[in-house]
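Trainee: Would you mind keeping the following structure in view while I ask a few things?
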Amino acid sequence: MSYTLEGRTGPWEIVVGLEVHAQVTSNAKLFSGAATAFGAAPNTQVSFIDAGFPGMLPVINRECVAQAVRTGLGLKAQINLWSRFDRKNYFYADLPQGYQISQYAHPIVGEGAIEIELADGSTKTVGITRLHLEQDAGKSLHDQHPTKSYIDLNRSGVALMEIVSEPDMRSPEEAGAYLTKLRQILRYLGTCDGNMDEGSMRADVNVSVRKAGEGYRTRCEVKNVNSIRFVMQAVEAEARRQIEIWEEGGTVEQETRLFDTARGVTRSMRSKEDAHDYRYFPDPDLPPLVLEQNWVDQLKASLPELPDERRARYVAMGLSPYDAHVLTLEKETAAYFETVAKGRDAKIAANWVMGDLFAAINRTRTSIAEPPVKAEYLGVLLDLMKDGTLSGKLAKEVFEAMVETGRSPGAIVEERGLRQVTDTGAIERIVAQVLEANADKVAEYKSGKEKLFGFFVGQTMKAMQGKGNPALVNEAVKKLLG
Amino acid sequence: MHPTDFSLRGAIEALNEGLISSVELTRAHLDGIEKLNPRLNAYITVMAEQALAQARASDARRAEGVAGPLEGVPLAIKDLFCTAGTLTTAGSRILGNFVPPYESTVSANLLRDGAVFLGKVNLDEFAMGSSNTTSAFGPVENPWSRANDPDTRLVPGGSSGGSAAAVAARLALGATATDTGGSIRQPAAFCGIAGIKPTYGRCSRWGVVAFASSLDQAGPVARTVEDCAILLKSMAGFDPKDSTSADVPVPDFAAACARGVKGLRIGVPKEYRLEGMPAEIGALWEQGLQWLRDQGAETVEISLPHTKYALPTYYIVAPAEASSNLARYDGVRFGLREAAKDSDLKDLYERTRAAGFGPEVKRRIMIGTYVLSAGYYDAYYLKAQKIRALIKRDFDDAFRTVDAIVTPATPSAAFGMDEKQDDPVTMYLNDVFTVTANLAGLPGLAVPAGLDRQGLPLGLQVIGRAFDEETVFAVGAAIETAADFRAVPTLRAGV
Amino acid sequence: MSLDTATVRRIASLARIRLEEEEVGRMQAELNGILGWIEQLQAVPTDGVEPMAGGGAVSLRMRDDLVTDGGIPEKILANAPDRQGGEGGEYFGVPKVVE
Ligand SMILES: [Mg+2]
Ligand SMILES: [Zn+2]
């Protein structure tokens, strides 16, 4: 059953397309040598080029181009060997040149696709229309002074990839899943850090509504939404607004709107409505961007494994589809898992990562990127279990000690003497003492109360402070009971 | 002989032989500027103290035996080139207080080679003009005057009017200039000096205030062809900071001046015979071709069929690019800001740009904005780009059979400061012979070749293949030798 | 194509150039003069001709991804007509922009 919103006149379908601005991961800006790091003091990461000074000229950063190509390849998209930069002309306080250098007519990446996963376990393909490179603008601060806005140009000229989807999404959930998946792919590729709260990923959300079987009705663009949750809310809020207009006999006007996160509604953005006429034309400072197929092939060959492929590989390793999905959501989790699982039982590794490790991360408020237990240590812990040095119970104890101290399992085992006892002679001596101290129970056992076997094992383990190898203890109890 | 009468090459030789110091040479020019600039208005900013300091440092370097190719040579810099720490106005009120913290690549190259900067010279506002009357710092006067009408003040041409007037009046041994549609060659011709617009990409545009990026090229003006060759050698070169800079070697242009023209095929485009062109210009053209034939060249009639469309094409392409290039002058980061008490941002922009730009700049921004606007792009801009391609193709075809092309440099001699001012299109016709080389990206050299009946200089133009300035210099030098142009303007230093 | 006064005003607004009422007519006449002259280009057959955008190189040169610039806020702000915030004004100031 597909998603609809109920209006007075019956169900409405939602049509959503997204334009995502993703900040390219690079040291320097797209056309200047100024740095891109987040959070620097105002106007300290600005060159004369970024500030639009007279006579300044752009020179393109190869890595930004490579990142766009990698992303295009990751989106299974067409890479255009010939692309071009155009100027988008408009006046704005944080646009120093009076134009944005962008790729309007000839983008570097053409059509591609993303497969999204939905909560009910189904998947859906969302088309990618294009990806192009462009400059970011500076930042205006409106709340610092009663009558003035402050302009910081640190972001001015930072490389962005604008990734445009087809209007293929039909629900807030699908829009959220698309953004989640896109961010996952970008992070796997290392082409964008996806930190939406730092503004490295923003979405323009195009929404329209329609009755079943209709063509497209007028859409509105909700600008610059900066979290996945807000995108989902904005889709629904904007769709409800449009349904109301249509149902009241009105007409939806095509316009750009803002999502008011506090009130959960969209509102018109009149300041940017002023006669949109961007007068695009080829930037005469920049000859066409011509790529060698060879170079694209090299980038393709060096591409990391992407989430879809990785998930499939994990399933092939014996993990459940669910575990494979969870472990591949973040590339850091997958990397952690791979380190633990290397040369070991994948299923056991997955259980430890998704169980004890995730719990420890939650408890200690850390992250998979800076985990409370190093992946290498968890791997060694699994080895110690496998070779019998640690029982499952001891292993949990060692794990907790690792979380507390950050030390290696070997060191903890040595220091706390947690090594499992596998010396059958020593075990049998303890078993003998236990049987001797519980002669009555031995008699009961021998008269047929076989349930008491567990009691003897337990007492032995207790006497050994849990360090007895369970299998050997079992064997010894069985042997001495005769 | 007065020190300001040296050719640039002559001055270098005199400096090398110890006949004169850079300080003496510089001081002589500064004295000339002090005397004549109040009338000519060629310099916007005179850098007297800095120039003398540079000259002293230069003399010291020479004494130590480390002299660059332009060691101690006093030059004028068009006020379109950003000079670190020195006011750079582009001839506009909007940059009237702008002090760039950086040095343009071309001027930095000249400093690297030992040059001394006398000051920043006047120009049409943002290099938009052919008469140097659009400058916010007042018009420049041509140091030449009509023999039969000495009181009428003449324009020096534009936009590099200050560069050409300063060099002609001996207020500099040479000057930097820029050429977007003829702004080096037309003023050079009007002032009786030489000037070359090199191939697009030969000189870096980094640090040069942009007018129309796909057409702008820096080049030198000087009193001889060889002096231009020496200056261009220093100014030119690959610059990684300019994506349109050509990564090609810079040859010894001065050596090419002595090559001669024997065996060269010289194209004579029939479309350049304009109706209504003064007979003297046609005669001078024919004379120039005869000189070349006398020296062993062959002249061939060629056709450049799209010539007549070059000027209107230019007046779409250049304003379109300019409308975008000049958007950065908005009163926020540098330059003039003009606002009312209750101005919002849009009003601030509009007042700043209305007060900061002169009428010609506004006109071109308006035209450029219009031809790029929604619904008109294809009819104007795209159409112009296609015709531009046809103009380039005309030249490609011609250069399959000829080695260089010779034409008049301008359709008239210098005109009076009050003439031709009413109608923009009439003013635009000044560039009719020069603009094709900009559209096709080719090198073009103006050489003084004779005088008209009123004693005003007239020039011929040599156009060459892309990156073949050497042939252009060879042909130009051959014309210069034959013309033996010795006339001097009435207003000049040292008299 | 001939511009009416409304179009002249719209273009001036797009270009952010304040036109006083009395300037509109003159500007209109000048622009129409230039546009009328340019009109002759429509007669040139250009079917199938590749437009020529720039004068020079056929492809972009790419630079390495190194931080070689920035860190010069004083120079960036030195020419600013209005500096705001911080000690010596670390931002460019403009009239408040309402979004
Ligand atoms: Mg958008
Ligand atoms: Zn964008």
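Trainee: Measuring from centroid to centroid over Cα atoms, what is the spacing of the range C:34-71 and the range A:79-104 in Å?
Mentor: First find each Cα centre; the distance between them is then 14 Å.
Trainee: How do B:188-200, A:348-360, A:158-170 rank on mean C-beta neighbours within 10 Å, highest first?
Mentor: So the peptides B:188-200, A:348-360, A:158-170, ranked by packing, come out B:188-200, A:158-170, A:348-360.
Trainee: If you don't mind, there's one more thing I want to ask. Just to confirm a number: summing +1 for Lys and Arg and -1 for Asp and Glu over residues other than A:Asn351 whose beta-carbon lies under 10 angstrom from that of A:Asn351, what do you get?
Mentor: Details: positive: A:Lys347; negative: A:Asp323, A:Asp345, A:Asp356.
Neighbour charge sum, excluding A:Asn351 itself: -2.
Trainee: Within 10 Å of each Cβ in peptide B:306-315, how many partner chain Cβ atoms are there on average? Round it to a whole number, please.
Mentor: 3
Trainee: Can you check what the Kirkwood hydrodynamic radius comes to for chain C, Cα pairs only, in Å to one decimal?
Mentor: 19.7
Trainee: Another one. Lysines within cross-link reach of B:Lys308: Cα-Cα under 25 Å, excluding same-chain residues under 8 positions apart?
Mentor: Output for B:Lys308: B:Lys197, B:Lys270, B:Lys383, B:Lys386, B:Lys392, B:Lys420.
Trainee: May I pose another question? Which loop trypsin sites (Lys or Arg not before Pro) in the range B:457-495, with loop taken from DSSP, have no more than 14 other Cβ atoms within 10 angstrom of their Cβ?
Mentor: Values: sites: B:Arg465, B:Arg486, B:Arg492; in loops: B:Arg465, B:Arg486, B:Arg492.
Here the sparse-neighbourhood loop sites are B:Arg486.
Trainee: Working from the alpha-carbon coordinates of the protein assembly as shown, get Rg over Rh, Rh being the Kirkwood radius.
Mentor: So for the protein assembly as shown, dividing Rg by the Kirkwood Rh gives 1.14.
Trainee: While we're on this one: Take A:Gln78 and A:Phe38, extend 7 Å from each Cα along the Cα→Cβ direction, and tell me the distance between the two endpoints in nm.
Mentor: Between A:Gln78 and A:Phe38, the label points sit 3.4 nm apart.
Trainee: Run lengths n ≥ 4 of DSSP H only: what is the helix-derived mean residue ellipticity at 222 nm for chain A, with -39500 (n - 2.57) per run over all residues, to the nearest 500?
Mentor: Mean residue ellipticity, 222 nm, calculated: -11500 deg cm²/dmol.
Trainee: Work out the mean other chain Cβ neighbour count within 10 Å for the residues of C:28-35 and drop it here as an integer.
Mentor: Mean number of neighbouring Cβ atoms from other chains: 5.
Trainee: Sticking with this one: Going Cα to Cα from A:Lys331, which lysines come in below 17 Å? Please leave out same-chain ones fewer than 8 positions away.
Mentor: Answer for A:Lys331, where 17 Å is the Cα cut-off: A:Lys181, A:Lys342, A:Lys374, listed by chain and number.
Trainee: Under 1.5 on a/c is rounded, so check that first for chain B, then, if it is not, pick prolate when a/b is larger than b/c and oblate when it is not; a ≥ b ≥ c are the square roots of the alpha carbon gyration tensor eigenvalues.
Mentor: rounded
Trainee: Report, ordered by chain and residue number, the aspartates and glutamates lying within cross-link reach of A:Lys467, taken as a straight Cα distance under 16 Å and ignoring same-chain residues fewer than 8 apart.
Mentor: Excluding near neighbours in sequence, the set is A:Asp387, A:Glu397, A:Glu414, A:Glu415, A:Asp423, A:Glu428, A:Glu475.
Trainee: Continuing with the same structure: Given a Förster radius of 45 Å and the C-beta distance between A:Arg363 and A:Asp440 as r, what FRET efficiency does 1/(1 + (r/R0)^6) yield to the nearest 0.05?
Mentor: The value I calculate is 0.55.
Trainee: For the range B:343-428, what is the convex hull volume of its Cα atoms per residue in Å³?
Mentor: Hull volume over Cα atoms, normalised by residue count, gives 163 Å³.
Trainee: Report, in whole Å, the centroid distance computed from the Cα atoms of the range A:325-349 and the range B:104-127.
Mentor: Between the Cα centres of the range A:325-349 and the range B:104-127 lies a distance of 63 Å.
Trainee: Please label the shape of the range B:396-495 as rounded, prolate or oblate, based on the square roots a ≥ b ≥ c of the eigenvalues of the alpha-carbon gyration tensor (a/c under 1.5 means rounded; beyond that, a/b larger than b/c means prolate, else oblate).
Mentor: Verdict is oblate for the range B:396-495.
Trainee: Let me ask you something else. Please report the spacing between the Cα centers of the range A:146-176 and the range B:150-209 in Å, no decimals.
Mentor: Centre-to-centre distance over Cα atoms comes out at 47 Å.
Trainee: How well do other chains shield peptide B:338-346, expressed as the mean number of their Cβ atoms within 10 Å of each residue Cβ? Write down the numbers at each step before the final one.
Mentor: On the way: counts 2, 4, 0, 0, 2, 2, 6, 12, 8.
What the average comes to for B:338-346 is 4.
Computed from the coordinates by the stated procedures, all read-outs in this text should not be read as laboratory data. Computed from a predicted model, the values in this text were never measured in an experiment. Reconstructed Cβ throughout: ideal geometry from the backbone, glycine too, with neighbour counts over all protein chains shown.
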